[in-house]
Amino acid sequence: MLCYISQPNQQFIELEIDPKQNAQVILDKVLKLLGILEVDYFGLQYKGPKNEDLWLNLRNRVCDHEIRTSCHVYKFSLRVKFFVPPHLVQQECTKELFYIQAKDAMSKGLISLAEPGCDKDTLAKIVASITQAESGDQTNNNYQKNHYVSVIKQILPDSEADSSLLDKIHSEHSKLRGVPRASARYFALKYASSLPGYGVEEHKAVNSVNEEIVFKVGPDGIIQQESKTKSVKMIPYTQIRLATHNERIVRIELMNDAGVTDREECYKLISRRAAVALYRCITEMHSFYRCDTICSDVQSQYSRDFKGTFVSIFYENSDLGKRYIFDIQRTRQEAYDHVRRMLYANTNLNNVSSFQLENKNELEKEDDVEAGTSGGNQNLDQIKHLKHQLDALKDSMLCCICMDKFVSVVLCPCGHLTCDSCSPCIDKCPQCRSSIEHLQKMYHPFGFECSKAQEV
């Protein structure tokens, strides 16, 4: 069956899929085509029967989601599910999708540019960075001045560009002369990440007195905004004791400062799927941003349909009708560490390949010289073996954080090693996550330069 996946840049990817496959297979194929390793930040969205934006559960089969299809074609949207600060994004292709979706979120008002958190200076920096990323260095023609106004209309549709704002944008844009477009996208994303609404997912509901409420679930907690009065109430994750759902109702139990359940609030959503989506969003956002690891209660939670429930009476371990609620696999820190290891492993493989190509001629010459000498092949094998040992020794002495300098500091009491630049910036061991009590300077017996890793 055909499947069309729309990207944030409005381009489409066409795939042939099996509806009985898990949705994770589709996402892996899409991200592999795009060359993205940071898979934990992305998900696939689809429209529900009442036009709700729903996330495809990657652990369940595609056909289990009861997705409406036309002409036997599935349509999904590749979207960023979990936004992280741009300095934690390690691939340029991932940063580009973050940038495009953040810009779209600003145009829809999800990332607010009109609230007190965004002044004219920040707005000017964002517009200047977007202009540098899309049209390059500053010029004095009228076209680029009109481009400033166009960008403002894109990210802030209800505002008017006054002369003072345009002067600020012109001044900020002049500072970006010669900055590459990828760097300009990073700057725009960096300024956007400091604004209210960055990484927030919206859900609409009705409270107990039939007032429309907009839930904004983000990295720090839940923001409740009343549609009529526009009053805002912040609920941090530390105050939420329990969140559950029953059909279209979502219940949230809140604690007071003493850790005792203070009250329970109920909210009705447009459909059961929307209620599950809000419950799932609260749990996954809290797990991704606030937890050290994904607990077993989240990973193992599932539901069954009627047929699966009936069969489970006789065979409890049956997978029939079993649908997982959550598909989150890693927290923010675990996802970052996982991709960093993958990139480091790929870099080592590339270095080995380039080393072999650069030294191919030298090895051929050595073969010619040693061809007439007794024991030449044995000496050549010893040389190769020593080179591999030296490369392995050099790699093992690199800092696991920056991958650039040699280790020179021991983290006590765990005994793992980092360089002298990275050790003052951490309070937990990057390898075993244990607390650091004190640092111990070490000296290399091989005479390595600890200040900078050089080719041996």
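Kindly provide the set of residues from segment 24-56 that are over 15 Å from the mean Cα position of the chain (by Cα), at negative phi and not in a helix (DSSP H, G or I), ordered by number.
Scanning segment 24-56 gives Gln45, Tyr46, Lys47, Gly48, Pro49, Lys50, Glu52, Asp53, Leu54, Trp55, Leu56.
For Glu264, indicate whether it is part of a strand (DSSP E or B), over 30 Å from Asp337 (Cβ atoms) and open to solvent by 80 Å² or more (accessible area, probe 1.4 Å).
Against the criterion (part of a strand (DSSP E or B), over 30 Å from Asp337 (Cβ atoms) and open to solvent by 80 Å² or more (accessible area, probe 1.4 Å)), Glu264 qualifies.
Of everything in segment 294-306, what is surrounded by 12 or more Cβ atoms within 10 Å (Cβ to Cβ) and not basic (Lys, Arg)? Give them in sequence order.
Listed by number, the residues that qualify are Ile294, Val298, Gln299, Gln301, Tyr302, Ser303, Asp305.
Tally time: how many residues in segment 57-94 are open to solvent by 50 Å² or more (accessible area, probe 1.4 Å), at pLDDT below 90 and part of a loop (DSSP other than H, G, I, E, B)?
Number satisfying all stated conditions: 5.
Of all residues in segment 105-137, how many are open to solvent by less than 50 Å² (accessible area, probe 1.4 Å) and at pLDDT 80 or above?
18
Residue-by-condition table, conditions (1) farther than 28 Å from Glu334 by Cα; (2) touching a strand residue (DSSP E or B) at 6+ places or on another chain (Cβ under 7 Å); (3) open to solvent by 20 Å² or more (accessible area, probe 1.4 Å):
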position	(1), (2), (3)
Gln11	yes, no, yes
Ile17	yes, yes, no
Leu33	no, yes, yes
Tyr41	no, yes, no
Leu44	no, yes, no
Asn51	yes, no, yes
Trp55	no, yes, yes
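Just name the residue that is farthest from Pro196 (Cα to Cα) out of those in segment 215-233 that are over 24 Å from the mean Cα position of the chain (by Cα) and in contact (Cβ under 8 Å) with a residue 12 or more places away in the chain.
Out of the qualifying residues, it is Lys228.
What about Ser408, is it at pLDDT 70 or above, buried (at least 16 other Cβ atoms within 10 Å of the Cβ), under 26 Å from Asp292 (Cα atoms) and touching a Lys or Arg at 6+ places or on another chain (Cβ under 9 Å)?
No, not satisfied.
Any residue at all in segment 202-218 that is touching a strand residue (DSSP E or B) at 6+ places or on another chain (Cβ under 9 Å), within 30 Å of Arg273 (Cβ to Cβ) and hydroxyl-bearing (Ser, Thr, Tyr)?
Yes, segment 202-218 contains at least one residue that is touching a strand residue (DSSP E or B) at 6+ places or on another chain (Cβ under 9 Å), within 30 Å of Arg273 (Cβ to Cβ) and hydroxyl-bearing (Ser, Thr, Tyr).
Has segment 371-386 got any residue that is surrounded by 11 or more Cβ atoms within 10 Å (Cβ to Cβ), modelled with pLDDT under 75 and among the small types (Gly, Ala, Ser)?
Yes, some residue in segment 371-386 is surrounded by 11 or more Cβ atoms within 10 Å (Cβ to Cβ), modelled with pLDDT under 75 and among the small types (Gly, Ala, Ser).
Looking at Tyr443 and the list (1) in a loop (DSSP other than H, G, I, E, B); (2) under 21 Å from Glu334 (Cα atoms); (3) not acidic (Asp, Glu), which single condition is not satisfied?
Against the list (1) in a loop (DSSP other than H, G, I, E, B); (2) under 21 Å from Glu334 (Cα atoms); (3) not acidic (Asp, Glu), Tyr443 comes up short only on (2).
Please name all residue pairs, on different chains or six or more residues apart, with Cβ atoms under 9 Å, provided the first residue is in segment 279-291 and is within 14 Å of Gly43 (Cβ to Cβ) and the second residue is part of a helix (DSSP H, G or I) and open to solvent by less than 10 Å² (accessible area, probe 1.4 Å).
Close Cβ pairs satisfying both conditions: Phe288/Ala335.
The values are calculated or read from the model by the stated rules, or taken from the named source; none is laboratory data. For clarity, every value in this text was computed on a predicted model and none was experimentally measured. Glycine also receives a Cβ, built like all others from the backbone with ideal geometry; neighbour counts cover every protein chain displayed. The protein model used for the area step is the full one, side chains on, heavy atoms only, and it has no ligands, DNA or RNA in it. Shrake-Rupley method; radii C 1.70, N 1.55, O 1.52, S 1.80 Å.
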